[in-house]
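For reference, the structure discussed in these notes is given below.
The values are calculated or read from the model by the stated rules, or taken from the named source; none is laboratory data. Computed from a predicted model, the values in this text were never measured in an experiment. A quick note on method: Cβ atoms are made from the backbone with ideal geometry, for glycine too, and the neighbour counts reach across all protein chains shown. The area values use the complete protein model at the heavy-atom level, side chains included, leaving out ligands, DNA and RNA. Shrake-Rupley method; radii C 1.70, N 1.55, O 1.52, S 1.80 Å.
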Amino acid sequence: MKEINRLNDLFVRYLIGTEGDEDILENIVNAVLNDVGFESVSNLQIINPYNLPENENLKESILDVKAKTKDGKKIIIEIQLVGNNNFIKRILYYIAKNIASELKENEDYINVSQMISISFINFNLNISSETDIKKEHKCLQLSDINNPTLKLDAFQIHFVEIKRFVEILKNISIDDYNKNKLLSWIDFFTTKDLEKNIKKLIGGNIIMPKVIDKYKRFVADEKEMSAYNERDAFLYGQAVMLQYEREEGKKEGIDIGFKKGIEQGKRQQQISIAKSLKNSGIDIKIISENTGLSIEEIEKL
């Protein structure tokens, strides 16, 4: 079976954001909610259905999946591969923007829906106490500082920290694995050999046969894979850029001035990314679009 990066947000949106497959979306949402003791939701309606032409040639867009429940709750799911604690501020802004977009001018505030934000993040947040920062699933709500049981249900913000869950998967028993559907989802997204782990995945979650079948259809579709490759090249470049700026750009900034150091760091990083992508067989035009280097520069590498 062909292997791709199943945390690629374009693939995730295809998987859980397609009309007619709402049961897959419902399963992953409830896996997250049930993991921290919330009730399941049902009858989800996808607000922004997956559409390949709308997702081609993407750059900075947030590839999320939005849905609503029969009683009006709004749910937003997204994948974020790189980031830090500042990601929390972006989520707060994004939730506020979505709430504001629900109301027209002079409309009654009573019409504001409960908002549930679910972010699968491939980095660790370092917040709160030493004990709390190690929790792999963080759920934030508004609550009274003197009486935490007094809460407003206006929104839930879920951060599912994939790397911490992967560590749990290394030592968990099959019985515990089968009790928590969120573990099977993390396993599906991160396992290095999907075909080898199919039996385990199916044992942990009844939706997995459909999920795996949809995955096979995705990797067999030339148009979907073309869009995937372009998006993956962009995401790879984004990750390398962040890492390079952290390790090299700041270091050079100490010696030659921060601004100049960052500029030189970015240039070297662009060349490094382009070389890696070229060696991987990625089309030169795609490399140029995602690194900012000209086709002539890339051909000389």
Are any of the residues in region 217-227 at pLDDT below 90 and either more than 18 Å from Lys2 (Cα to Cα) or touching a helix residue (DSSP H, G or I) at 6+ places or on another chain (Cβ under 7 Å) (or both)? yes
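On the basis of being open to solvent by 10 Å² or more (accessible area, probe 1.4 Å) and touching a residue at least 12 places away in the same chain (Cβ under 8 Å), does Glu195 make the cut?
Values: open to solvent by 10 Å² or more (accessible area, probe 1.4 Å): yes; touching a residue at least 12 places away in the same chain (Cβ under 8 Å): yes.
Yes: the conditions hold for Glu195.
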Just one of the numbered conditions (1) free of Cβ contacts under 8 Å to residues at least 60 places away in the same chain; (2) touching a Phe, Trp or Tyr at 6+ places or on another chain (Cβ under 6 Å) is not true of Glu224; which one? (1)
What residue, among those in region 84-117 that are open to solvent by less than 40 Å² (accessible area, probe 1.4 Å), part of a loop (DSSP other than H, G, I, E, B) and in contact with a helix residue (DSSP H, G or I) (Cβ under 9 Å, 6 or more places away or on another chain), is modelled with the highest pLDDT? Ser113
Inside region 242-301, can you point out the residues that are modelled with pLDDT of 75 or more, among the basic types (Lys, Arg) and surrounded by 13 or more Cβ atoms within 10 Å (Cβ to Cβ)? Lys275, Lys278
When Ser61 is evaluated against the numbered criteria (1) at pLDDT 90 or above; (2) within 21 Å of Leu7 (Cβ to Cβ), which criterion, by number, is the only one it fails? (1)
